[in-house]
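This report concerns only the one structure given below.
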Amino acid sequence: MKYQGQAIECLPLDEGLAELRFDLKGDSVNKFNTATLKELREAVDGLKSTPGIRGLLVTSAKDVFIVGADVTEFLSHFKRSEEELVGWLLDVDRIFNDVEDLPFPTVVAINGFALGGGMEFCLSTSYRLMSAETRIGLPETKLGIFPGWGGTVRLSRVCGADNAIEWIAGGEQWGAADALKIGAVDGVVAPADLRESALSVLKDAVDGKLDWKARRLEKVSPLKLDRIEAGMVFEVSKAFVAGKAGPNYPSPVAAIDVMQKGAGLGRDEALKIEAATFAKIAKTPTAHSLVSVFLGDQLVKKISKKASKEARPVKMGAVLGAGIMGGGISYQSASRGVPVVMKDIAQKQLELGMGEAVKLLDKQVERGKLTTAKMAQTVAAIKPTLTYGDFGAVDFVVEAVIENERIKKTVLAEVEGAIREDAILASNTSTISITLLADALKRPENFCGMHFFNPVPRMPLVEVIRGAKSSPAAIATAVAYAQAMGKTPIVVKDCAGFFVNRVLFPYFDGFEKLLLDGVDFKRIDKVMEKFGWPMGPALLLDVVGIDTGHHAGAVMKAAFPDRMGHDGRTPMDVMFENSRFGQKNGKGFYVYTPQKKGPPKKDVDPEVEGLLKAVQPGAPKEVTDQEIIDRMMLPMLLESSRCLEEGIVGTPVEADIALVYGLGFPPFRGGIFRYADSVGTSNLVAAAEKYSALGKLYAPTQQLLDLAKAGKTFHAGE
């Protein structure tokens, strides 16, 4: 049998064997889009109707097998009715079932990646071999859904319910050793031997040396668990996963529930349960938001790729300032293959910076993600120094000294004199204008901002700030260097606070206004954590450092006095004056006790209530939880809208991703403008009018007014 399409081809091999090969034209990877599924249907129909085929080898002509379904099509599918969604899912199921039910054995050679729908397809074959360098998995729960093309049914029958629950609920990618250990694959071979090894297994199956029919029977039959065993496995798992995922992420528990309901049924009936539940989960706001975040991430990467076209090569970097932040940046650069010189004026600080890098690497070794040899190689790629002696060889310098304009200007002028004229210089500042800092430089065109977020290894965002004189080459090189470090760069225009901190401080201002009205900060924290933030505003300020927040707040007040200015003493003033700096000195809104492992233990300090009363003018006001949310979120949203109006950030998508990646904005809400769209622009205008007495912080932007009048949303162009 021969079949030639744009994504799939079938061709005859010797001895009555055939090969089905995935090779999506015009794309660097294979994925299951509408066209590929249509061709797979046609190819499988051809295989079913062709006499004389004794076995089928499945391969990929690309460096990856199949990365999954085409996520760009998801949102259009999710707009269908539940009934239509179920029909679509069962149509795909029938294709995979027909592969599984072919009257001859099938063997798949998995290379590169087989994720999501790609892995679900692999599970439909009789045997699976993977390259030792391949990663496989079912990451759908990270998109707010779960495997809907037979993954819950087949994986639980192939490798057991407990292993299937771990893989599906966790949504992680797995390497060859883990896959082989649980039986998700039948063999692991060197990449060069993959095709021939798979062909050898296929021939053994054809010759009767392997009982492929017994294996297929097991996959289409009920799970081999009695009622008591099933109850223990599934109920315990649901309780554990529900506690870990939380109420805003329903898909992992739904996946386990599907496996439980289908455990005592045959394949086809179990697939119907999977499809029906998937359709319900796909219609949830969480699924829409998480898919939107995924697609937004892809768009931001495309924008970054375009922005980095004029980048100069960075073969060696340098970091000025060897504190926690400088050590983190140095680690990130060295661990990603770009050696770095780390300079400070004090040996103690250099030891602190190197200690931070070593600590981060040690954790990687402990978790088995890094060998000691690789750790030694990375440490050797960081060169601590007290002088500028090696700076003539560096291509890019990140200044990460104290957040003080005068000190930064002095250091930047010094280092400019020590580097080549074509080297790029960037300041890791969180609030200070890049245009202002450039006044100290002779080559301001080679200077820009590069705002990392703490802790550097964990926070994916880097804001690249374009100053008034920053050249395209400087921006492009900063973007490319951030990408080389494994970060997601977003280019923003220069202003106080740039984008992320500019919109964060109105959020803090909303918090302070609630405190002035006598609202308990502990209650505010609980409400905002329930809203979805990883920590409430009081705890966040303690983690950031109240002294840091107080200083940055003064910068924002000077830049935007109409909205971020304050009359009289504020709660932040009180905390700062009483040296309550947060976790760094053990007392802030809360008090902290260091722990041997993990973050310090948080406790309530009765003294704080008394301190705050000094700035609370009257009796506490009664506010609802929803009013707390509105008064916290509206200032952030309105300032984000102003940033869009002013071109500080380019698009609503970039703003959404910046806050999810930079602040931990609740991913299940999709970002600040996805959240705004879910509330509705007209409702937001009404809320702004309700709180107008609180000042210009709550004044609606013209953009919001126009959208509300037109009945549109921020993402209306999609």
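Looking at V544, V574, V555, V591, can you tell me which residue is among the aliphatic types (A, V, I, L, M), in contact with a Leu (Cβ under 7 Å, 6 or more places away or on another chain) and buried (at least 17 other Cβ atoms within 10 Å of the Cβ)?
On the way: V544 fails: in contact with a Leu (Cβ under 7 Å, 6 or more places away or on another chain); V555 fails: in contact with a Leu (Cβ under 7 Å, 6 or more places away or on another chain); V591 fails: in contact with a Leu (Cβ under 7 Å, 6 or more places away or on another chain).
After ruling out the rest, the residue left standing is V574.
Mind counting the residues in region 404-429 that are in contact with a helix residue (DSSP H, G or I) (Cβ under 9 Å, 6 or more places away or on another chain), among the charged types (D, E, K, R) and in a helix (DSSP H, G or I)?
Residues meeting the conditions: 4.
Given the conditions (1) without any contact (Cβ under 8 Å) to a residue 60 or more places away in the chain; (2) surrounded by fewer than 21 Cβ atoms within 10 Å (Cβ to Cβ); (3) under 26 Å from L299 (Cβ atoms), report the number of the one that P460 does not fulfil.
In the conditions (1) without any contact (Cβ under 8 Å) to a residue 60 or more places away in the chain; (2) surrounded by fewer than 21 Cβ atoms within 10 Å (Cβ to Cβ); (3) under 26 Å from L299 (Cβ atoms), P460 misses (1) alone.
Which of the residues spanning region 346-381 are among the aliphatic types (A, V, I, L, M), part of a helix (DSSP H, G or I) and either under 19 Å from M316 (Cα atoms) or touching a Phe, Trp or Tyr at 6+ places or on another chain (Cβ under 8 Å) (or both)? Can you show your working first?
First, the residues of region 346-381 that are among the aliphatic types (A, V, I, L, M): 346, 350, 352, 354, 357-358, 360-361, 365, 370, 373, 375-376, 379-381.
Keeping just the survivors that are part of a helix (DSSP H, G or I) gives 350, 352, 354, 357-358, 360-361, 365, 373, 375-376, 379-380.
Hits for region 346-381 are L350, M354, A357, L360, L361, M375, A376, V379, A380.
Give the residue that is surrounded by the fewest Cβ atoms within 10 Å (Cβ to Cβ), with candidates limited to residues of region 382-428 that are within 31 Å of the chain's Cα centre (by Cα) and farther than 17 Å from A318 by Cβ.
Applying the filter and picking the extreme gives I402.
With respect to S330, determine if the residue is in contact with a strand residue (DSSP E or B) (Cβ under 7 Å, 6 or more places away or on another chain), closer than 22 Å to A658 by Cα and touching a residue at least 12 places away in the same chain (Cβ under 8 Å). Before the answer, list the steps.
Working: in contact with a strand residue (DSSP E or B) (Cβ under 7 Å, 6 or more places away or on another chain): yes; closer than 22 Å to A658 by Cα: no; touching a residue at least 12 places away in the same chain (Cβ under 8 Å): yes.
Here the answer is no, as S330 does not meet what is asked.
Under 6 Å between Cβ atoms, which residue pairs at least 6 apart in sequence (or on different chains) link something in region 21-36 that is within 18 Å of L115 (Cβ to Cβ) and among the hydroxyl-bearing types (S, T, Y) with a partner that is modelled with pLDDT of 95 or more and buried (at least 17 other Cβ atoms within 10 Å of the Cβ)?
T36/A7
Somewhere in region 304-324, is a residue within 22 Å of R466 (Cβ to Cβ), out of contact with any helix residue (DSSP H, G or I) (no Cβ under 8 Å at 6 or more places or on another chain) and not in a helix (DSSP H, G or I)?
Scanning region 304-324 turns up at least one residue that is within 22 Å of R466 (Cβ to Cβ), out of contact with any helix residue (DSSP H, G or I) (no Cβ under 8 Å at 6 or more places or on another chain) and not in a helix (DSSP H, G or I).
Please give the number of the condition G553 fails out of (1) touching a strand residue (DSSP E or B) at 6+ places or on another chain (Cβ under 6 Å); (2) in a helix (DSSP H, G or I); (3) of a type outside the set (D, E).
With respect to (1) touching a strand residue (DSSP E or B) at 6+ places or on another chain (Cβ under 6 Å); (2) in a helix (DSSP H, G or I); (3) of a type outside the set (D, E), G553 is out only on (1).
Among the residues that make up region 674-687, is at least one of them on the phi > 0 side of the Ramachandran plot and surrounded by 21 or more Cβ atoms within 10 Å (Cβ to Cβ)?
Here is the first cut: in region 674-687, the residues on the phi > 0 side of the Ramachandran plot are 680.
Adding the requirement that they be surrounded by 21 or more Cβ atoms within 10 Å (Cβ to Cβ) leaves none.
No, the conditions are met nowhere in region 674-687.
Within region 97-119, track down each residue that is touching a Leu at 6+ places or on another chain (Cβ under 7 Å) and of a type outside the set (A, V, I, L, M, F, W, C).
P105, T106, N111, G116
Restrict the check to region 372-379 and report whether at least one residue is among the charged types (D, E, K, R) and over 25 Å from A438 (Cα atoms). Reasoning before the result, please.
Our first condition is that a residue be among the charged types (D, E, K, R); within region 372-379, this holds for 374.
Now drop any that are not over 25 Å from A438 (Cα atoms), which leaves 374.
Within region 372-379 (the criterion being among the charged types (D, E, K, R) and over 25 Å from A438 (Cα atoms)), the answer is yes, since at least one residue qualifies.
Within region 345-369, can you find the residues that are surrounded by fewer than 19 Cβ atoms within 10 Å (Cβ to Cβ) and touching a Lys or Arg at 6+ places or on another chain (Cβ under 9 Å)?
Hits for region 345-369 are K363, Q364, V365, K369.
Which condition number in (1) part of a loop (DSSP other than H, G, I, E, B); (2) surrounded by 18 or more Cβ atoms within 10 Å (Cβ to Cβ) is the one that P51 fails?
With (1) part of a loop (DSSP other than H, G, I, E, B); (2) surrounded by 18 or more Cβ atoms within 10 Å (Cβ to Cβ) applied to P51, the lone miss is (2).
Can you confirm whether Q616 is without any contact (Cβ under 8 Å) to a residue 40 or more places away in the chain, of a type in the set (S, T, N, Q) and in a loop (DSSP other than H, G, I, E, B)?
Judged against the criteria, Q616 is not a match.
If you check K209, K219, K213, K181, which single one turns out to be under 30 Å from G144 (Cβ atoms), free of Cβ contacts under 8 Å to residues at least 24 places away in the same chain and not aromatic (F, W, Y)? If you could, list the steps in order and put the result at the bottom.
Numbers: K209 fails: under 30 Å from G144 (Cβ atoms); K219 fails: free of Cβ contacts under 8 Å to residues at least 24 places away in the same chain; K213 fails: under 30 Å from G144 (Cβ atoms).
Selected residue: K181, the only one of K209, K219, K213, K181 that is under 30 Å from G144 (Cβ atoms), free of Cβ contacts under 8 Å to residues at least 24 places away in the same chain and not aromatic (F, W, Y).
Which condition breaks for G116 when tested against (1) within 20 Å of the chain's Cα centre (by Cα); (2) surrounded by fewer than 19 Cβ atoms within 10 Å (Cβ to Cβ); (3) touching a residue at least 40 places away in the same chain (Cβ under 8 Å)?
Condition not satisfied by G116: (2).
Identify all residues within region 1-33 that are surrounded by 15 or more Cβ atoms within 10 Å (Cβ to Cβ), out of contact with any strand residue (DSSP E or B) (no Cβ under 7 Å at 6 or more places or on another chain) and within 25 Å of I53 (Cα to Cα); write none if there are none.
Across region 1-33, the qualifying residues are G5, L24.
Just to check your reading of the model, which residue among G497, G486 is of a type in the set (G, A, S), touching a Lys or Arg at 6+ places or on another chain (Cβ under 8 Å) and in a loop (DSSP other than H, G, I, E, B)?
Values: G497 fails: touching a Lys or Arg at 6+ places or on another chain (Cβ under 8 Å).
So the residue among G497, G486 that is of a type in the set (G, A, S), touching a Lys or Arg at 6+ places or on another chain (Cβ under 8 Å) and in a loop (DSSP other than H, G, I, E, B) is G486.
Could you run through region 314-329 and say how many residues are at pLDDT 95 or above and not aliphatic (A, V, I, L, M)?
Count: 2.
Within region 538-577, count every residue that is among the charged types (D, E, K, R) and closer than 16 Å to I524 by Cβ.
Within region 538-577, the subset among the charged types (D, E, K, R) is 542, 547, 557, 562-563, 567, 569, 573, 577.
From what is left, the residues that are closer than 16 Å to I524 by Cβ are 542.
Residues in region 538-577 being among the charged types (D, E, K, R) and closer than 16 Å to I524 by Cβ: 1 in total.
Which number in (1) free of Cβ contacts under 8 Å to residues at least 40 places away in the same chain; (2) surrounded by fewer than 23 Cβ atoms within 10 Å (Cβ to Cβ); (3) within 28 Å of the chain's Cα centre (by Cα) marks the one condition that I432 misses?
Unmet for I432, out of (1) free of Cβ contacts under 8 Å to residues at least 40 places away in the same chain; (2) surrounded by fewer than 23 Cβ atoms within 10 Å (Cβ to Cβ); (3) within 28 Å of the chain's Cα centre (by Cα): (1).
Just give me the residues in region 448-475 being part of a loop (DSSP other than H, G, I, E, B) and in contact with a Cys (Cβ under 7 Å, 6 or more places away or on another chain), in sequence order.
G467, S470
So, in region 430-447, how many residues would count as being more than 18 Å from E414 (Cβ to Cβ) and either out of contact with any Ser or Thr (no Cβ under 7 Å at 6 or more places or on another chain) or part of a strand (DSSP E or B) (or both)?
Matching residues across region 430-447 total 4.
Which is over 21 Å from R267 (Cβ atoms) and either free of Cβ contacts under 8 Å to residues at least 24 places away in the same chain or among the basic types (K, R) (or both), of S60, S76? Reasoning before the result, please.
Details: S60 fails: either free of Cβ contacts under 8 Å to residues at least 24 places away in the same chain or among the basic types (K, R) (or both).
It is S76.
What do you reckon, is A263 crowded, with 20+ Cβ neighbours inside 10 Å and either free of Cβ contacts under 8 Å to residues at least 12 places away in the same chain or not β-branched (V, I, T) (or both)?
On the way: crowded, with 20+ Cβ neighbours inside 10 Å: yes; either free of Cβ contacts under 8 Å to residues at least 12 places away in the same chain or not β-branched (V, I, T) (or both): yes.
Considered against the rule, which asks whether it is crowded, with 20+ Cβ neighbours inside 10 Å and either free of Cβ contacts under 8 Å to residues at least 12 places away in the same chain or not β-branched (V, I, T) (or both), A263 comes out as yes.
Any chance region 597-620 includes a residue that's within 30 Å of L704 (Cβ to Cβ) and either of a type in the set (D, E) or surrounded by 15 or more Cβ atoms within 10 Å (Cβ to Cβ) (or both)?
Looking only at region 597-620, we keep the residues that are within 30 Å of L704 (Cβ to Cβ), and these are none.
No, that holds for no residue.
Filter the helices (runs of 4 or more DSSP H) completely within region 620-718 down to those with at least 2 residues that are of a type in the set (V, I, T) and assigned by TED's automatic domain parsing to the domain that holds M528. Don't jump to the end; show me each part of the working.
Numbers: elements: 625-646, 652-663, 672-679, 681-690, 702-710.
Qualifying helices (runs of 4 or more DSSP H): 625-646, 652-663, 672-679, 681-690.
The values are calculated or read from the model by the stated rules, or taken from the named source; none is laboratory data. The shown structure was predicted, so the numbers you read here are calculated from the model rather than taken from an experiment. Here Cβ is always computed from backbone atoms with ideal geometry, including for glycine, and neighbour counts include all displayed protein chains.
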